[in-house]
1. Taking the criterion of being among the β-branched types (V, I, T) and modelled with pLDDT of 90 or more, would at least one residue in the stretch 1-22 satisfy it?
2. For the stretch 38-53, name all the residues that are of a type in the set (A, V, I, L, M), under 14 Å from M89 (Cα atoms) and out of contact with any strand residue (DSSP E or B) (no Cβ under 7 Å at 6 or more places or on another chain).
3. Considering T47, T66, which residue is within 30 Å of A120 (Cα to Cα), surrounded by 12 or more Cβ atoms within 10 Å (Cβ to Cβ) and not hydrophobic (A, V, I, L, M, F, W, C)?
4. Where in the stretch 59-125 are there helices (runs of 4 or more DSSP H), lying fully within it, with 2 or more residues that are within 26 Å of T47 (Cβ to Cβ) and at pLDDT 75 or above?
5. What residue, among those in the stretch 40-58 that are part of a helix (DSSP H, G or I) and farther than 15 Å from R82 by Cα, is farthest from the chain's Cα centre (by Cα)?
Amino acid sequence: MKKARPTGGARSRDKKRTARREELLYGMGRLVTRQRLIAKLLNPELTMGQTELLLDVSKSTIHRLTRDEALKCHRTSGGQRRFRLLDVMAYMEISSQDNLLDFLVKDDRDVQELAERLKAIEHTL
C-alpha cells in the first residue's frame, strides 16, 4: 500500500521548512547538532571583556587567575582566551565564600587558624 504524498502546496511548505531549519542550524561553516546548540545556549562562551565585566576585575587579574588555574579557560586558534559562563559563575561562588570567611574572621587569630584549616579541608574534598 502506498503512502499518500503531499501534493503541491504542502510539499512546497515542507521544503521551505526544511530549508529554513537548515539555515537556522548552519553556523561557522558546519551544521550544528541539537546538543551543541543547547550547550551553546545554556553555557555560552565568553570573551575576556565579558568575563572582566562579570567579575568586575581588570584584565591583568584575569590573566593571573587563569595562570594560577583558579579560573578555567581555553584558547582559540588565534590564542585568545575564552571562558565558559558556568566556569566563571563557579569561580564567583568560590571567591565570594572565601571573601566572606575572611571578612568574618578578620580579627580573631584562633578563628583565623580554624578558617584556614577548614579551607584546606575543603580543597582536599
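The values are calculated or read from the model by the stated rules, or taken from the named source; none is laboratory data. The shown structure was predicted, so the numbers you read here are calculated from the model rather than taken from an experiment. Glycine gets a Cβ as well: all are built from the backbone with ideal geometry, and neighbour counts include every protein chain shown.
1. Of the stretch 1-22, the ones among the β-branched types (V, I, T) are 7, 18.
Still in the running and modelled with pLDDT of 90 or more: none.
No, the stretch 1-22 contains no residue that is among the β-branched types (V, I, T) and modelled with pLDDT of 90 or more.
2. The answer is L42, L53.
3. T66
4. On the way: elements: 59-67, 85-104, 109-124.
Of the helices (runs of 4 or more DSSP H) lying wholly inside the stretch 59-125, those with at least 2 residues that are within 26 Å of T47 (Cβ to Cβ) and at pLDDT 75 or above span 59-67, 85-104.
5. The selected residue is L41.
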